[in-house]
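Have a look at the structure below, then the notes.
The values are calculated or read from the model by the stated rules, or taken from the named source; none is laboratory data. What you see is a predicted model, and the numbers here were worked out from it, not measured in a lab. Don't worry about glycine lacking a Cβ; one is built from the backbone with ideal geometry, like all the others, and counts go over all protein chains shown.
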Amino acid sequence: MIFEQYLPQNTRIAFTNKVRAISSKYGFDAEWLMIVMAFETAKTFRTGSHGNGATGLIGFRSQTAIELGTTQAQLAQMSQVQQLDYVDKYLNKWKAGSKVNSLADLYIIVFTPAYAGYSQSFVIGSQNGTSTQRAIYQANPAFKNAKGYFTIADIGATIARWANYTPMPTATAQTNSVLLFLVLIVIVYIFLK
């Protein structure tokens, strides 16, 4: 699994198995959750403080920790595997199962959950937008670009580039139709021969 080499050898299997179980529960790719946690912790998967007011695998804020029935101090003392239970609770709270269809969607739930489920073209940060958009733009230089604003899709693309991640293509209805048409041509050809 992507970034598993950054996990301690003695807990790697337990951690990745739990990541797979959580991802399966909400119906998204386990690689996405690994990428989000690696991005949030600078590939350390540390459960402690980030030094920016956030703690742990997905950067729990103080109020969020309380809403989940714990504290940042308690989260910081947990093992990586234990803290995944709170990642799960957080994803449940924000209804990840109905809002996550891409790496970008998953990251938005962690980054700014109020915008979870919005269109990929939704502008999150902008140097000339609303006061909220300007604040988000200034506080997140990793997502800044020449356009002067970033969308949910831009955030996903930035994280995917950072992780050197290219998702496996999925069959679409159009692809399935083309394949079915080709199969029918082959069948007709065989019978007419």
Filtered residues of the range 130-169 (kept if in contact with a strand residue (DSSP E or B) (Cβ under 6 Å, 6 or more places away or on another chain) and either farther than 19 Å from Val110 by Cα or surrounded by fewer than 16 Cβ atoms within 10 Å (Cβ to Cβ) (or both)): Tyr149
Any hit, the range 60-67, residues being within 18 Å of Ile152 (Cα to Cα), assigned to a loop (DSSP other than H, G, I, E, B) and free of Cβ contacts under 8 Å to residues at least 24 places away in the same chain: no
Residues being exposed (fewer than 15 other Cβ atoms within 10 Å of the Cβ) and charged (D, E, K, R) - total across the range 24-42: 1
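May I ask you to list the residues in the range 121-165 that are assigned to a helix (DSSP H, G or I) and either among the hydroxyl-bearing types (Ser, Thr, Tyr) or more than 21 Å from Glu40 (Cβ to Cβ) (or both)?
Within the range 121-165, Ser131, Thr132, Gln133, Arg134, Tyr137, Thr158 qualify.
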Members of the range 42-67 that are more than 21 Å from Lys99 (Cβ to Cβ) and out of contact with any Phe, Trp or Tyr (no Cβ under 9 Å at 6 or more places or on another chain): Ala42, Arg46, Thr47, Gly48, Ser49, His50, Gly51, Asn52, Gly53, Thr55, Ser62, Ile66
Matching residues, the range 9-37, being farther than 18 Å from Leu103 by Cβ and without any contact (Cβ under 8 Å) to a residue 60 or more places away in the chain: Gln9, Asn10, Arg12, Ile13, Asn17, Ala21
Enumeration of residues in the range 118-151 that are over 22 Å from Met34 (Cβ atoms) and either of a type in the set (Gly, Ala, Ser) or in contact with a Cys (Cβ under 7 Å, 6 or more places away or on another chain) (or both): Ser119, Ser121, Gly125, Ser126, Gly129, Ser131, Ala135, Ala139, Ala146, Gly148
Candidate set: the range 96-120, residues that are in contact with a Gly (Cβ under 8 Å, 6 or more places away or on another chain) and either outside any helix (DSSP H, G or I) or charged (D, E, K, R) (or both); chosen: the one nearest to Thr55 (Cα to Cα): Asp105
Qualifying residue in the range 55-74 (condition: in contact with an Asp or Glu (Cβ under 6 Å, 6 or more places away or on another chain), closer than 14 Å to Ile22 by Cβ and at pLDDT 95 or above): yes
Boolean, Leu33 is part of a helix (DSSP H, G or I), touching a Ser or Thr at 6+ places or on another chain (Cβ under 8 Å) and not β-branched (Val, Ile, Thr): yes
